[in-house]
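The values are calculated or read from the model by the stated rules, or taken from the named source; none is laboratory data. These figures come from a predicted structure and were not determined experimentally. We place every Cβ from the backbone using ideal geometry, glycine too, and count neighbours over all the protein chains shown. When the accessible area is computed, the model is the full protein with side chains, heavy atoms only, and any ligands, DNA or RNA have been set aside. Shrake-Rupley method; radii C 1.70, N 1.55, O 1.52, S 1.80 Å.
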Amino acid sequence: AQYDIVARLVDAARGSGARILLGGNPDDGRPGYFYPTTLVADIDNDNPLVAEEQFGPAMPIIRYSTVDEAIAKANALDVGLGASVWSSDPAAARDVAARLEAGTVWINKHGAVDPRIPFGGAKQSGYGLEFGAEGLKALGVPQIING
């Protein structure tokens, strides 16, 4: 099902005029459901490949002129599970990270999750926190046992 979601989003991006720089053409004749790493340029911020959480190997590349514009575009989305900031200037990267509305913001990496630290999303992303007491409390239902 996830393969179909990613394929639909990439095909819709292509259909809207976005440019596929890499990938985007899975070999449906091969076994398994492996979508190739795909880079998509010339895409609008409101395109579903950008605006929806697709959980696949398709990366939209969005143009911006200033850091403030990039932050505004990121924060305008209804989702915010995770974000990453890439920079050779650690102080500048921390400043940008502090302004992003996302559950986790990594600097010069992406997706590194430490199971000792609870994590979760922001806005319409996720169902609370994972890997911690907060997550258990959010998902757990108290039971009253008579007896």
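Please count how many residues of segment 41-91 are charged (D, E, K, R) and within 13 Å of Val10 (Cβ to Cβ).
1
Here's a check for you: in segment 1-40, which residue that is out of contact with any Phe, Trp or Tyr (no Cβ under 8 Å at 6 or more places or on another chain) and of a type in the set (Ser, Thr, Tyr) is farthest from Pro57 (Cα to Cα)?
My answer is Ser16.
Quick one: would you say Pro31 is free of Cβ contacts under 8 Å to residues at least 60 places away in the same chain, open to solvent by less than 40 Å² (accessible area, probe 1.4 Å) and farther than 25 Å from Ala76 by Cβ? So that I can check it myself, show each step before the final result.
On the way: free of Cβ contacts under 8 Å to residues at least 60 places away in the same chain: yes; open to solvent by less than 40 Å² (accessible area, probe 1.4 Å): no; farther than 25 Å from Ala76 by Cβ: yes.
When the stated conditions are applied, Pro31 does not pass them.
With (1) at pLDDT 95 or above; (2) outside any loop (DSSP other than H, G, I, E, B) as the list, and Ile43 as the residue in question, which single condition is left unmet?
(2)
Restricting the search to segment 53-109, which residues are surrounded by fewer than 16 Cβ atoms within 10 Å (Cβ to Cβ), of a type in the set (S, T, N, Q) and within 13 Å of the chain's Cα centre (by Cα)?
Listed by number, the list holds a single entry, Asn75.
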